[in-house]
Amino acid sequence: KLGVLSTINVILGKTLGVSAYTVPSAIFEGVGSVGMALSLWIIGAIISFCGMAVYLDLGTAMPKSGGERVYLERIFRKPYMLATFMFMSYAVLLGFSTPNAIVLGDYVLYALGIQRNRWNVRAIAVLAVSVLCYIHARHPKLGLKLINILGVGKLVILVIVILSGIAGGLMGVGRLGAVLEGRRFDVPFSVDPTLSTAQRNFSNIWAGSSMQPYDYATALLKVVYCFRGYSTANQVLSDVKNPVRTLKVAAPVALGVASLSYLAINIAFFLVVDKADFKSSGIVVAGTFFCNVFGQSVGTHILPLFVVISAAGNIAATSFSQARVNEELAKDGLLPGSKLWATKPSTAVSLDQLNEPFKKTRLPLPGSDTPTTPSRGLLLHWLVSASVIVLPPPGRIYNFLVDIGGYPVSAISVAVSLGLWYLHATPSERWSSPHPANCISIVVFAASNCVLLVFPWIPPQRSGTGEQGQGEGDGFPSYAYPATALAVLGSGAVYWGWW
């Protein structure tokens, strides 16, 4: 059973992963200016707090493991179970640990000074997922301790990075004659050598801002994807002690810490890393940051291990929560080959009982006598994650994986928020929650996610190239990730028809 601290760490473990070090470069490359990049992180935090209010309303009213699956079943009763199957396709096929595992492999090789290629990065990624899933399956207490230790460790590392960025900005990193070890002298002639990197980056923060809606929608999707861990505790509420009280305390604290951390670490990067390097560094921008502040030797070989720790913490938290989602789906006979993926047959009450809106007494929670280690749910999570690591062709797939993971989140968020609005507005539903969301939060959350669903379909116009419809430079057309994400959700509808 998870207490308040463990629940906070589970949320932070999913929310504050390697995305704090890898996504900022892609966001800045998309929107083009320091001011717009920082603004999107603030907007993303506001949207996430509105989403947290929605999930607090639903989670405290129905404190059962499963997250969105439970809420969609309660809201969308007809067509019977269609929403559940569409959510299941997203949860199982896109609930992987692959992006964090790939970054872990990249930074391990970066720290060791080994040339990165397609297979050595992926081999380390598969090994990391395998080890952490095995620990959760065979040593669950150790797995929970790892989540707590790595969660605290990630916060300490974030503080170190933020303070290092402030120190670097005050000491004038990037200025000619800077005293820090590892000072770069190969700056272009167009750059004023008398100004530090911080002065150059923050002198005109809106210069270079993109005019393409696609760029902002894609960048904001990445930001929302980084924050999406605020609902992680809703997926494992059956494993939370006093879930209503714990969730009301843990979710706001964790999301507040995550919001401040994301904004602070972006500011720290812009204080030390020149804009041109920020765009070109990609997912190893933290390596450039460390080299600029601490010098080539320490920055290249030692400090990038901080990112490895953060990636491991995210994989551990994701595996913990995702395995329980898989287990709930298998116990109810929804997954293909459910008997294979269910660790123990369900003793849950029926779906109709759970969805009965007029019950005044709380029904027994499903899985109360099930084992605390969903080993077969972990096996399914491992198979999906390992497959997505190994099978894709070579290239820059990290941003693409983040995008296809974020787009269905917006679709589900629209369905859940509008559904909650319906429950509030329909007296016959007799909806009651210990922590109801206000109307403004519901509307803001629904409207912002509607925008994120529409704008990615507007192809960007790239000035000077004559190209239309190309995405972020990863070799994929602009419609690739929304189309792929919708295809995943559609596969759930197809399987529902067969079921």
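The values are calculated or read from the model by the stated rules, or taken from the named source; none is laboratory data. Predicted model, so just to flag it, every value in this text is computed and none were measured. Positions of Cβ are backbone-derived with ideal geometry, glycine not excepted, and every protein chain shown enters the neighbour counts. These accessible areas exclude ligands, DNA and RNA; they are computed on the full protein's heavy atoms, side chains included. Shrake-Rupley method; radii C 1.70, N 1.55, O 1.52, S 1.80 Å.
Counting only protein heavy atoms and using a 1.4 Å probe, what share of the accessible area of region 8-63 belongs to carbon plus sulfur, as a whole percent?
So the carbon and sulfur contribution to the accessible surface is 77 percent.
At 1.4 Å probe size, with every protein chain present, just tell me what the per residue accessible area of the chain comes to in Å².
Heavy-atom accessible area per residue stands at 40 Å².
With an 8 Å Cα cut-off and a minimum separation of 6 or more residues, compute the relative contact order for region 1-155 in percent.
27
Go through 419-425, 64-70 and give me the packing order, highest mean Cβ count within 10 Å leading.
64-70, 419-425
Candidates [x] 22.6, 73; [y] 26.5, 89; [z] 23.1, 95; which is the computed Rg and Dmax of the Cα atoms in Å?
Given [x] 22.6, 73; [y] 26.5, 89; [z] 23.1, 95, the structure-derived one carries the label [x].
Ranking request for peptides 381-389, 117-125, 142-150: highest mean number of other beta-carbon atoms within 10 Å first, then the rest in descending order.
So the order, starting with the most tightly packed, is 381-389, 142-150, 117-125.
What is the dipole size for the chain, taken about its Cα centre, with +1 at each Lys and Arg Cβ and -1 at each Asp and Glu Cβ, in debye to the nearest 20?
1220
Probe radius 1.4 Å, ligands and nucleic acids left out: which of Asp239, Asp332 has the largest accessible area, and how do the rest follow?
Correct descending sequence by accessible area is Asp332, Asp239.
For helix 243-272, what angle does its Cα long axis make with the longest principal axis of the chain, in degrees from 0 to 90 and rounded to 10?
That helix lies at roughly 20 degrees to the long axis.
Check Val240: other-chain or 5+ apart residues with amide H under 5 Å from its amide H, H built from backbone geometry?
For Val240, whose amide H was placed from the backbone, the distant partners under 5 Å are Leu2.
Set the Förster radius R0 to 60 Å, insert the Cβ-Cβ distance between His435 and Ser130 as r into 1/(1 + (r/R0)^6), and round the FRET efficiency to 0.05.
For R0 = 60 Å, the calculated efficiency reads 0.95.
Please identify the chymotrypsin sites (Phe, Trp or Tyr not before Pro) of region 28-107 that satisfy two criteria: DSSP loop assignment and at most 15 other Cβ atoms within 10 Å. Which are they?
Tyr80
HN-Hα J couplings of region 132-145 from phi, Karplus 6.51/-1.76/1.60, θ = phi - 60°, integer Hz, Gly and Pro as x?
Taking θ as phi minus 60°, the curve returns 5, 5, 5, 4, 4, 6, 9, 9, x, 5, 5, x, 5, 4 Hz for region 132-145.
Taking the simple approach of a point 7 Å from Cα along Cα-to-Cβ for both Ser375 and Arg118, what is their distance in nm?
Using points 7 Å along Cα→Cβ, the separation is 3.6 nm.
For the chain, what is the calculated [θ] at 222 nm in deg cm²/dmol (nearest 500), taking -39500 (n - 2.57) for each run of four or more DSSP H residues and dividing by its residue count?
-22000 deg cm²/dmol
Going through the cross-link list Lys141/Lys248; Lys222/Lys339; Lys248/Lys339; Lys14/Lys275, which pairs have a Cα-Cα distance over 31 Å in this structure?
The answer is Lys222/Lys339; Lys248/Lys339.
Distance in nm between label sites at Tyr495 and Tyr422, each 7 Å beyond Cα in the beta-carbon direction?
Using points 7 Å along Cα→Cβ, the separation is 2.3 nm.
Evaluate E = 1/(1 + (r/R0)^6) for Ser209 and Trp457, where r is the Cβ-Cβ distance and R0 equals 22 Å; express this FRET efficiency to the nearest 0.05.
Approximately 0.50, to the nearest 0.05.
Can you give the angle from 0 to 90° between the axis of helix 98-112 and the longest principal axis of the chain, with both taken from C-alpha atoms, to the nearest 10?
30
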